[in-house]
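Worksheet for the structure shown next.
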Amino acid sequence: MRILKWLLGIIAALVVLLIAIALMLPNDFTVTRSIVINAPADKIYPLVAAPAEWKKWSVWNQRDPAMQMTFSGPASGTGAAWDWQSKSQGNGGMKFTAATPNQNIDYELHFEGMGKPSSGALKFEPQAGGTKLTWSMHGNSEGNLMMKLFSPFMDKMVGSDFDSGLKNLKKLVEQP
């Protein structure tokens, strides 16, 4: 019985320590990646502004070919949205909240059970011989201690997916 009380005491102390650490962590996180694509923005934009086109280059869709997607709103641009259900990638949805052709797309992203939605943007900048595309996501984990523990690691967790997606998009756009 003494050992059980000792173990419960250690577990309780670890839980309190974990909560204390979570409370000290920042609420906000940002993930940003960029790539230069050797094509004008008007060749890239249709592949980004239409949710149905994301399956051609997004790593999340490629990781789960059985992902179930439901599209709503217009086919592209402001108001275009999709929800997905996936055993490996989770359930969630994305909606384009603003879109200016060949310049930017702003979005809101949510995952079931992950608290507040994140917001993000895809920005198109003309470059010599092509377009610089910057993909960013911002979130706030305030009020969700579990998400707060992940916030410092979001760049490492999501950044590589952004990099891979942008590389896939570049390859798709630049193919002859």
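The values are calculated or read from the model by the stated rules, or taken from the named source; none is laboratory data. Not measured: the values here are computed from a predicted model. Methodologically, a virtual Cβ is constructed for each residue, glycine included, from the backbone with ideal geometry; neighbour enumeration extends over all protein chains shown.
One table, with the values for the structure above:
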quantity	calculated
Segment 51-107, residues that are small (Gly, Ala, Ser), over 17 Å from Leu122 (Cα atoms) and either under 14 Å from the mean Cα position of the chain (by Cα) or surrounded by fewer than 16 Cβ atoms within 10 Å (Cβ to Cβ) (or both)	Ala66, Ser72, Gly73, Ala75, Ser88, Gly90, Gly92
Residue within segment 56-78 that is at pLDDT 85 or above and on the phi > 0 side of the Ramachandran plot present	yes
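Conditions tested, residue by residue: (1) part of a helix (DSSP H, G or I); (2) in contact (Cβ under 8 Å) with a residue 12 or more places away in the chain; (3) more than 20 Å from Thr97 (Cα to Cα); (4) in contact with a strand residue (DSSP E or B) (Cβ under 9 Å, 6 or more places away or on another chain).
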residue	(1), (2), (3), (4)
Lys5	yes, no, yes, no
Leu17	yes, no, yes, no
Ala20	yes, no, yes, no
Ala39	no, yes, yes, yes
Ile44	yes, yes, no, yes
